[in-house]
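Visitor: Sharing a structure, written as structure tokens. Questions coming.
The values are calculated or read from the model by the stated rules, or taken from the named source; none is laboratory data. Nothing here was measured: the structure is a model prediction, and the numbers come from that model. Here the Cβ is made from the backbone with ideal geometry for all residues, glycine too, and neighbour counts use every protein chain on show. Ligands, DNA and RNA are excluded from the accessible area calculation, which covers all protein heavy atoms including side chains. Shrake-Rupley method; radii C 1.70, N 1.55, O 1.52, S 1.80 Å.
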Amino acid sequence: MASLSVKPGQRFTLPDWKNNSLLISADAEQQRFNSHHIRQEGRVLRNDTGNQAKWDEHNSRTHLKDRITTVDKWREALAKCLTDLDLEIDALSKVKEAAENAIQAKNLCLDVAIECLTFRESRRDIDVVRDPVEEELHKEVKVIEKTKKELQQRVDDAFRQLCLLKEARQQLSCDHRHKVEALELDRQCMSFNPTSGNISFKVNPTRIPDGTTALSEWELTSRCNKERAEAAMRASVDLRGAITLTIAQTNNELDAQRIATEFALRKRMRDMEAALSELRWQEKNTLEEIAEMEEEIRQLEEDIKKRTLDLKVAHTRLETRTYRPHIELCRDQAQFGLTDEVQQLEGIIRALQQKRTESQDALDALYRQLHRIQTDIGYKTNSLQLDNKCMDTRRKLVVPVEKFDPEVDAVSRTRNLPRESQLELA
């Protein structure tokens, strides 16, 4: 005879069952409400923090741009001052050498005068008289010695001024080099973005490094270096003018030699200008080729990056398929296709990298050639300027010294240096 089985345990009433269902529904509604509220708060937080991060990054980028502009202006000003310093050092060295040659040239005149006096000492008896010739010879010796002393004083002044110019150039060159390095670092900072591969967390990045200077001290140092160099150049210009004037006063070239020398100088200047024109044409073409090669390298790097991403995808697909279970882990056509794709992509990347290396080598060769061309242009430009200085300075041979107003580049190239108010940089 069958019996009815009864489950042990507590029995609930129907109202309890209904209340439990209502409670579960109410809890579900509350949890959904809480979840929705949290999601809305999260969305607001993400929007706020995203906007704040973008604005902060924009402000930082703007400050970097402003700083790069300021430093670059100073770099250009220092570079121009360095160029002027180099030209002034070279010009003063040439004038100093000319003064030394003038001293050497006076030795022959002194030897002739002393030799004449010595000859006249061989006179005998009544002819041994102090006549006007002897007086003029003694006066000539005194004038030559006085002239040599003045020229030697000018040479000593030029040597001391060269030391000052080179010292100012060293300070200016160091300041210029530091600004170039700072510009490179700031531009590197400008290039960083969240997708850059070389970004990472750093230890205590907000620290103030040892040796940090104030902005006012930074600008004051550069300004002092520049003004010191310009003051040295102004003094050198005045000294070169004085040396050139002294040489002109103590020198009496023959007209024939003057014409021959000026003819040779003009011919040399024409040859130099033709050579400069050819070099500038080569420089222009080389720069265009460099630009095209740099664009090609950029395209190659973009292709390498794209193929690398494709290779990552293929690797990931192959690795992911290794987790197929049991009999599904078979070498199917997809496996063969992915394997072939990996091999093809690796070969493509190697070929692109090889071509990038070859392109970079060609670009380096172009830059070396450009450096050679620009160096030669600098040499020839400097030589042409020196020849111009020589042509202008030779006016002293035909123009009376007291009427000579130095307008030549050799003397007044930096006479019209910008005043302090014009040196203010934004």
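Visitor: What ranking do 98-106, 296-304, 48-56 get when scored by the average of other Cβ atoms within 10 Å per residue, highest first? Kindly include the intermediate steps, with their values, before the conclusion.
Guide: Details: 98-106: 17.1, 296-304: 14.9, 48-56: 10.1.
Averaged packing, sorted descending, gives the order 98-106, 296-304, 48-56.
Visitor: Moving on. Which order, highest average first, do 331-340, 25-34, 162-171 follow once you tally other Cβ atoms within 10 Å for each residue and take the mean per peptide?
Guide: Numbers: 331-340: 11.9, 25-34: 10.0, 162-171: 16.3.
In descending order of packing, they fall as 162-171, 331-340, 25-34.
Visitor: Find the centroid of the Cα atoms in the range 290-338 and in the range 167-218, then give the distance between the two in whole Å.
Guide: If we compute the Cα centre of each part, the gap is 39 Å.
Visitor: For each pair in 54/226; 54/202; 65/306; 65/284, compute the distance between the two Cα atoms and list the pairs where it is over 32 Å. Before the final figure, lay out the partial values.
Guide: On the way: 54/226 39 Å; 54/202 21 Å; 65/306 30 Å; 65/284 29 Å.
Pairs exceeding the cut-off: 54/226.
Visitor: Can you give me the convex hull volume of the Cα atoms of the range 1-93, divided per residue and expressed in Å³?
Guide: Residue-normalised Cα hull volume stands at 190 Å³.
Visitor: Now, a different point. Please provide three numbers in whole Å: the alpha-carbon extents of the range 135-226 along the principal axes, with the largest listed first.
Guide: 91, 25, 18
Visitor: If you plug each phi of the range 36-46 into the Karplus form 6.51 cos²θ - 1.76 cosθ + 1.60 with θ = phi - 60°, what whole-Hz ³J(HN,Hα) values come out, in order, with x for Gly and Pro?
Guide: Values, residue by residue: 4, 5, 5, 4, 5, 4, x, 5, 4, 4, 5 Hz.
Visitor: Cβ neighbours within 10 Å, averaged per peptide: list 353-359, 207-213 in order, most packed at the top. Working shown, then result.
Guide: Values: 353-359: 14.1, 207-213: 7.0.
Ranking the peptides 353-359, 207-213 by packing returns 353-359, 207-213.
Visitor: Once you have the Cα-Cα distance between residue 12 and residue 296, take 0.36 nm times their residue separation minus that, and quote the gain in nm to one decimal.
Guide: Working: separation 284, 0.36 × 284 = 102.24 nm, distance 8.16 nm.
The span from residue 12 to residue 296 would gain 94.1 nm if fully extended.
Visitor: Just to check, using Stokes-Einstein with a Kirkwood Rh over alpha carbon pairs, what's the diffusion coefficient of the range 196-235 at 25 °C and 0.890 mPa s in µm²/s?
Guide: Answer from the Stokes-Einstein relation: 180 µm²/s.
Visitor: So, for the range 1-102, what is the accessible surface per residue at a probe of 1.4 Å, expressed in square angstrom? Please list the in-between numbers first.
Guide: On the way: 7900 Å² over 102 residues.
Here the residues of the range 1-102 average 77 Å² of exposed surface.
Visitor: Continuing with this model, one more query. How large is ³J(HN,Hα), in whole Hz, for each residue of the range 79-84 in order, when computed from phi with the Karplus curve 6.51 cos²θ - 1.76 cosθ + 1.60 and θ = phi - 60°, using x for Gly and Pro?
Guide: Values per residue, Gly and Pro as x: 5, 5, 5, 4, 4, 4 Hz.
Visitor: Using θ = phi - 60° and the Karplus form 6.51 cos²θ - 1.76 cosθ + 1.60, what ³J(HN,Hα) does each residue of the range 209-219 get, whole Hz, x for Gly and Pro?
Guide: Whole-Hz 3J(HN,Hα) from phi for the range 209-219: x, 4, x, 5, 10, 6, 4, 5, 5, 4, 5.
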